[in-house]
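Novice: Sharing a structure below in structure tokens format, with a few things to ask.
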Amino acid sequence: MAHQIHLRSEHQELILKALLRSLEIKSEKLKEQSLKETQAQYEAAAEKLLEPVVCGRTTNNIFTWLEDQIRHTPRLRDQELGMRVIQICQVAAKDKYYEYCEE
């Protein structure tokens, strides 16, 4: 069943910072073509997050993808920024974001 998530601006900012940091870290290892592809994917994701996001499934959506990107970025996943973004993505993916915001 589909659900819609409208991220708070502070959470949008955290995710955008994490994507930028992830791209910086990955640029150290990725070849130029792979880096361009990753950058294009990140830019598309960032644009989608500015509007309410419709998630078709709780197990495969933009938030599960974002979480995966952060988890596969060395150093970032263990920093506070990475851990907070992973947490936001987990609750948003499972349609628990509004409960998370109320805590």
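Only the coordinates and a few stated rules stand behind these numbers; no lab work does. Just so it is clear, the model here is predicted, and its values are computed rather than measured. We place every Cβ from the backbone using ideal geometry, glycine too, and count neighbours over all the protein chains shown.
Novice: Quick one: if you stick a label point 7 Å off each Cα along the C-beta vector at Asn60 and Glu99, how many nm between them?
Specialist: 2.5
Novice: Name the long-range amide H neighbours of Val53: under 5 Å, sequence gap of 5 or more, or other chain; modelled H, no Pro or chain starts.
Specialist: Ile5, His6, Leu7
Novice: Just to check I understand the Karplus step: with θ = phi - 60° and J = 6.51 cos²θ - 1.76 cosθ + 1.60, what whole-Hz values come out for region 63-71, glycine and proline as x?
Specialist: My calculation for region 63-71 gives 6, 5, 5, 4, 4, 4, 4, 5, 4 Hz in order.
Novice: Something else: For a quick check of your reading of the filter: which chymotrypsin sites (Phe, Trp or Tyr not before Pro) in region 10-91 sit in a DSSP loop and have no more than 16 other Cβ atoms within 10 Å?
Specialist: Passing both the DSSP loop test and the Cβ count: no residue.
Novice: Put one equal scatterer on each alpha carbon of the chain, apply the Debye formula with no solvent term, and list log10 I(q)/I(0) at q = 0.10, 0.14, 0.17 1/Å to two decimals.
Specialist: Here log10 of I(q) over I(0) equals -0.26, -0.50, -0.73.
Novice: Calculate, in nm to one decimal, what Ser34 and Gln87 gain on full extension: separation in residues at 0.36 nm each, minus their alpha carbon distance.
Specialist: Between Ser34 and Gln87, full extension yields an extra 16.4 nm.
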